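Asker: One structure, pasted below without further comment.
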Amino acid sequence: MTSVAVSGVAAAQTASPAGDAAKAEAPATSAAPCGGDLATFLSGVKTEAVGKGIPADVVDRALAGAVIDEKVLGRDRAQGVFKQTFAEFSNRTVSKARLDIGAKKMKEYASVFARAEEEYGVPAPVITAFWAMETDFGAVQGNFNTRNALVTLAHDCRRPEMFRPQLMAAIEMVQHGDLDPATTTGAWAGEIGQVQMLPEDIIAQGVDGDGDGHVNLKQSSSDAILTAAKFIKSLGFTKGQPWIQEVSLPDNLPWEKTGLQPGMTAGQWFALGVKPRDGNTQFGDLAASVVIPQGRKGVAFMTYPNFNIYLEWNQSFIYTTSAAYFATRLAGAPPYDARNPEPGLNDEAMKVLQTKLDAIGHDVGKIDGILGSGTRAALQREQQRLGIPADGWATQAVLDALP
């Protein structure tokens, strides 16, 4: 969960969840020691760990045989990103097989999920959707040596301030008997287990769900479920509130107000003609946004404050919307109405669009061919200026209209 890796099935396209170190670049300078001779670096790590109260023999055992994993560096330098549309990605990830398995898992671990909801307020479908998307219910957890991955990324000078604390936490896990430095494997950036969490979060949020005295997110589904629930609660999930809801939209909606931006309640959207597909309007007082992943002619959702936990888990709009939709399906919602969205731009055309927006003066970030939040926001402003529906969806017509 607190991840940086592209692990498991969900990660076929991007970094994974929550504290996701992969989502942010390191500052230009960092106080965290990095680089140089590996033995000298590890000696510094030992000194720091012992200073934190971890016995020297535990640190020696945790670091014995540690090596730099060049494959980890390769993954770090070439992280995958979402270039599929919402329809493409959600149809692939929210499959019938996964929905069926998810339903069986919720039944098999019904008592554990009941405890998760009672103690942390997080319903089974929310946890199960993440469980499915991160590792296919534990089937694909990654095969990188966790200790070596964290040593590699802490030693590397790109983001040491993010990974050195994770290495320290991994050493603490060795002390607790919850990580074997020689055999524990996971994602390339150090996430471990069925819900892919980094060591710091395992220590902070880990729950021994099966009562064996350890937090084992690799083998114990009970531990993984309850730890995920506690973690999701820590991100701000509010019991009894929705996270996402499919809606239909009127043709005259003020499209410039759509997107992940604050300022309106669900009731205000309802007053503008937005209609929940399930007819449930009881949460009208909650803050809400209307998101349209493929423009005003495609599927539309209303997001509520609980959707923010998805954004904390993974900043990719396509991943988060798919995960949130997945959870609604597990909770009994029907497949969404895809409607008939206008064709989007291909990779090269998207880069042309970003280049044009950048030349106009908009900050779209990296010219990468991805319709991310920065590009969507810039595009909406230009659509509004041009007098066309400002839905933030990049089409050939919009590209042609830009100077």
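The values are calculated or read from the model by the stated rules, or taken from the named source; none is laboratory data. Please read all numbers here as calculations on a predicted model, not as lab measurements. Here the Cβ positions follow ideal geometry from the backbone for every residue, glycine too, while neighbour counts run over all protein chains shown. Areas reflect the complete protein model, heavy atoms only, side chains present, ligands, DNA and RNA absent. Shrake-Rupley method; radii C 1.70, N 1.55, O 1.52, S 1.80 Å.
Asker: Taking 0.36 nm per residue of sequence separation and subtracting the Cα-Cα distance, how much length would be gained by fully extending the chain between Ala401 and Asn340, in nm to one decimal?
Answerer: So the chain would gain 19.8 nm between Ala401 and Asn340.
Asker: Continuing with this model, one more query. For the stretch 241-344, what class follows from the C-alpha gyration tensor (a ≥ b ≥ c being the square roots of its eigenvalues): rounded when a/c is under 1.5, otherwise prolate if a/b is larger than b/c, else oblate?
Answerer: Since a/c stays below 1.5, the shape of the stretch 241-344 is classed as rounded.
Asker: Given a Förster radius of 22 Å and the C-beta distance between Glu119 and Leu286 as r, what FRET efficiency does 1/(1 + (r/R0)^6) yield to the nearest 0.05?
Answerer: E between Glu119 and Leu286, to the nearest 0.05, is 0.40.
Asker: Continuing with this model, one more query. Work out the length of the dipole vector of the chain about its Cα centre, built from +1 on the beta-carbon of each Lys and Arg and -1 on the beta-carbon of each Asp and Glu, and round it to the nearest 20 debye.
Answerer: 820
Asker: May I ask you to give the solvent-accessible area per residue for the chain, in square angstrom, as obtained with a 1.4 angstrom probe?
Answerer: Here the per-residue accessible area is 41 Å².
Asker: Along the Cα→Cβ direction, 7 angstrom out, place labels at Asp180 and Arg77. What is the inter-label distance in nm?
Answerer: The answer from the label model is 3.3 nm.
Asker: What are the trypsin sites (Lys or Arg not before Pro) within the stretch 51-96 that DSSP puts in a loop, where the Cβ has at most 11 other Cβ atoms within 10 Å?
Answerer: Lys52
Asker: Something else now. Sort 215-224, 323-332, 377-386, 258-267 by the packing proxy (mean of other Cβ within 10 Å over each peptide's residues), most packed first.
Answerer: 215-224, 323-332, 377-386, 258-267
Asker: Which length gain, in nm to one decimal place, applies between Glu348 and Ala97 when the Cα-Cα distance is subtracted from 0.36 nm times their residue separation?
Answerer: 87.0 nm
Asker: A further question on this structure: Would you kindly give the portion of the calculated P(r) for the chain that falls above 28 Å, as a percent of all Cα pairs?
Answerer: That fraction is 50 percent.
Asker: Still on this model: Along Cα→Cβ, 7 Å out, is where each label goes; now give me the distance between the ones at Glu161 and Leu38 in nm to one decimal.
Answerer: Roughly 2.7 nm, to one decimal.
Asker: If you take the charge dipole of the stretch 64-210 about its Cα centre, with +1 on Lys and Arg Cβ and -1 on Asp and Glu Cβ, which of Cys157, Leu99, Ile202 is farthest toward its positive end?
Answerer: So the residue furthest toward the plus end is Leu99.
Asker: At a Förster distance of 45 Å, what's the computed FRET efficiency of Val50 paired with Asp210, Cβ-Cβ distance as r, to 0.05?
Answerer: Efficiency computed from Cβ-Cβ geometry: 0.90.
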